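Take a look at the structure set out below.
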Amino acid sequence: MENPLSVNIGGLLLQNPVMTASGTFGFGREFEPLVDLNRLGAVIVKGLSRHPSPGNPPPRIVETPCGLLNAIGLENIGIDAFIGDKLPFLNQYSSAVVVNVYGERPEAYADVADRCEGVDGIDALEVNISCPNVKAGGVSFGMDPEAAAEVVCAVREKTTKPLIVKLSPNVTDIICIAEAVVTAGADAVSLINTLTGMAIDIHSRRPKLGNVTGGLSGPAIKPVALRMVWEAARAVDVPVIGIGGISTAEDALEFIIAGASAVQIGTATFTNPGVTMEVIDGIQSFLNQEGIGHITELIGTLST
């Protein structure tokens, strides 16, 4: 009997549509005592570059009403250390493994993709185009369709693995960015990444984050994310993965009805480590209650 929750994300076959968001689930081992790792659709690991990076100076986390500001700065161990030290643990489980990659130049992204290409157990790549383009004075790749396409083309040349591109919400037109990366070779898009924000200590009159600004995530961004997912899903003919403020099965179902083929859960895991299991169970319960035979029957069914 076919699994009613199975989805195909640009060639990446998932047992269910629930994925962990990069940067919030570590490399999986951190959640092993709290979550059945075999039940996840996919684990998307913390963002990785070709070489290790120390990230931004502290403080790097600030709580906000209904959200979280982070300025971790993509601290990571580098792709080689991940493959040697972290991947074997993840490969004990049936969940798909997606490597989130980033760089400061298109060729840096391509280097990470090339390193992953021959490695069994890496099932797909997610390209984070919210990173600063050092060639363009620090402007995010994801804010310019040409720059975004350049990164995707560079990565596409180096990999045959399913390629997901993670879009930045800090743009005026998400559709043109989505269309650009799909034309350049993306097999799927995921959105949204964090919204740029800041917080100020009124007594010291200094920023609360060492980096001054950071990325806002959590329930506060869900309405924005939902709108952008709906727009992107109508504009491109590849699967869309919804991200942003998902903490319940109902949240996930909203994204699916808006057009998402899968969802990622991030900030909610900090307050409820088992949230992914609850969302998987909740989606299945909803299908049963509504008499829906397969999750794909629900995708993009919003009536406007």
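Values quoted throughout were computed directly from the atomic coordinates according to the rules given, and no laboratory measurement underlies them. Please read these numbers as outputs of a predicted model, since none were measured by experiment. For neighbour counting, all protein chains shown are included, and Cβ atoms are generated from backbone atoms with ideal geometry for every residue, glycine included.
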Q | Percentage relative contact order, segment 194-304, counting C-alpha pairs under 8 Å, at least six apart | A | 21
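Arrange Tyr93, Tyr109 by Cβ neighbour counts within 10 Å, fewest through most, would you? Display every interim value, and only then the final one.
Working: Tyr93 16, Tyr109 27.
Lowest to highest Cβ neighbour count: Tyr93, Tyr109.
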Q.
Sorted from largest to smallest, which semi-axis lengths in Å does the alpha carbon gyration tensor of segment 169-283 give for its equivalent ellipsoid, taking the root of 5 times each eigenvalue?
A. 27, 21, 10
(Q) Let's see if you can work this out: charge +1 on each Lys and Arg Cβ, -1 on each Asp and Glu Cβ, no other charges. What is the dipole magnitude of segment 188-304 about its Cα centre, in debye to the nearest 20? (A) 700
Q.
Can you compute 3J(HN,Hα) from phi for each residue in segment 30-36, using the Karplus curve 6.51 cos²θ - 1.76 cosθ + 1.60 with θ = phi - 60°, rounded to whole Hz and x for Gly and Pro?
A. 4, 9, 4, x, 10, 9, 7
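Taking the beta-carbon count within 10 Å as an exposure proxy, list Asp187, Asp201 from fewest neighbours to most. Could you put the intermediate results ahead of the total?
On the way: Asp187 19, Asp201 11.
So the residues, fewest neighbours to most, are Asp201, Asp187.
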Q) Which residues' amide hydrogens lie under 5 Å from the amide hydrogen of Asn133, considering only partners 5 or more residues apart or on another chain, with H built in the peptide plane? A) Gly138, Val139, Ser140, Phe141
Q: Determine, for the chain, the count of lysine pairs separated by eight or more sequence positions (or lying on different chains) whose alpha-carbon distance falls under 30 Å.
A: 19
Q: Within 10 Å of each residue's Cβ, count the other Cβ atoms and sort Lys46, Lys208 from fewest upward.
A: Lys208, Lys46
Q.
Using amide H atoms built in the peptide plane, which far-off residues or other-chain residues are under 5 Å from Gly78 H to H?
A. Ser49, Ser53
(Q) With n ≥ 4 as the cut-off for DSSP H runs, can you work out [θ] at 222 nm for the chain, using -39500 (n - 2.57) per run divided by the number of residues, rounded to the nearest 500? (A) -8000 deg cm²/dmol
Q | Bins of 20 Å, starting at 0 and running to the largest distance - Cα pair percent for the chain | A | 36, 59, 5, 0
Q: Report the local net charge at Gly259: Lys and Arg +1, Asp and Glu -1, summed over other residues whose C-beta lies under 14 Å from its C-beta.
A: -2
Q) Per-residue HN-Hα couplings for segment 151-167, Karplus 6.51 cos²θ - 1.76 cosθ + 1.60 at θ = phi - 60°, whole Hz, x for Gly and Pro? A) 5, 5, 4, 4, 6, 4, 5, 9, 9, 9, 6, x, 10, 9, 10, 8, 8
Q: Quick one: dipole size for the chain, taken about the Cα centre, charges +1 on Lys/Arg Cβ and -1 on Asp/Glu Cβ, in debye to the nearest 20.
A: 840
Q. Average projected area of the Cα convex hull of segment 232-296, in nm²?
A. 4.4
(Q) Positive end of the dipole of the chain, charges at C-beta (+1 Lys, Arg; -1 Asp, Glu), about the Cα centre: which of Ala124, Pro162, His51 has its Cα farthest in that direction? (A) His51
Q) If amide H atoms are built 1.01 Å from N in the plane of the peptide, which residues on other chains or at least 5 residues away come under 5 Å of the amide H of Gly41? A) Asn16, Val18
**Q.** Karplus-derived HN-Hα couplings along segment 211-219 (A = 6.51, B = -1.76, C = 1.60, θ = phi - 60°), whole Hz, x at Gly and Pro
**A.** 8, 6, 10, x, x, 8, 9, x, x
Q) Could you give the distance between the Cα centres of segment 100-132 and segment 145-165, to the whole Å? A) 9
Q: Would you compute the Debye intensity of segment 196-261 from its alpha-carbon atoms alone, equal scatterers and no solvent, and pass along log10 I(q)/I(0) at q = 0.21, 0.29 Å⁻¹ to two decimals?
A: -0.80, -1.16
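Using DSSP, restrict attention to beta bridges with both residues in the chain and report what percent are antiparallel, rounded to the nearest 5. Spell out each step's value before the answer.
On the way: 19 of 45 bridges.
Percent antiparallel among DSSP bridges in the chain is about 40.
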